[in-house]
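Read the structure below first, then the notes.
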Amino acid sequence: MNPFEMVIGIVLIVTIGSVLRARHGVRRDRHGNEYFVGNAGNEAETKALQAEIRALKERIQVLERIATDTNRAASLDEEIEKLRDRSHP
């Protein structure tokens, strides 16, 4: 392999690597540090998933309170109905 072919091979490898990084959303700042940049379409999905996680955490708190409540017999039905009402928007 002569030096010209070696230079072409190196340039080709670096170019393919750069294209793959760009396709997968990896960018570099001015200091050379790599970071991931999500697509704009993913922001709406991320917000929806965060809202769902918040709702699930609230439900877990209610379920923990129900499980540790001393007056479970009287208020258990009410708490379950509240949870059912929350799950149907």
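Some observations on this one:
- Each residue in the stretch 68-89 was checked for being at pLDDT 75 or above and open to solvent by less than 100 Å² (accessible area, probe 1.4 Å), and 4 of them qualify.
- Residue in the stretch 54-66 that is in a helix (DSSP H, G or I), modelled with pLDDT under 75 and out of contact with any Lys or Arg (no Cβ under 6 Å at 6 or more places or on another chain) present: yes
- Residue among Arg23, Arg54 that is open to solvent by 100 Å² or more (accessible area, probe 1.4 Å), under 24 Å from the mean Cα position of the chain (by Cα) and over 30 Å from Arg86 (Cα atoms): Arg23
- Qualifying residue in the stretch 33-40 (condition: open to solvent by 90 Å² or more (accessible area, probe 1.4 Å) and in a helix (DSSP H, G or I)): no
The values are calculated or read from the model by the stated rules, or taken from the named source; none is laboratory data. From a predicted model like this one, the values you see are computed outputs, not experimental measurements. Neighbour counts are summed over all protein chains in view; Cβ atoms, including those assigned to glycine, are modelled from backbone coordinates with ideal geometry. Quick note on the areas: whole protein, heavy atoms, side chains included, nothing else; ligands and nucleic acids left out. Shrake-Rupley method; radii C 1.70, N 1.55, O 1.52, S 1.80 Å.
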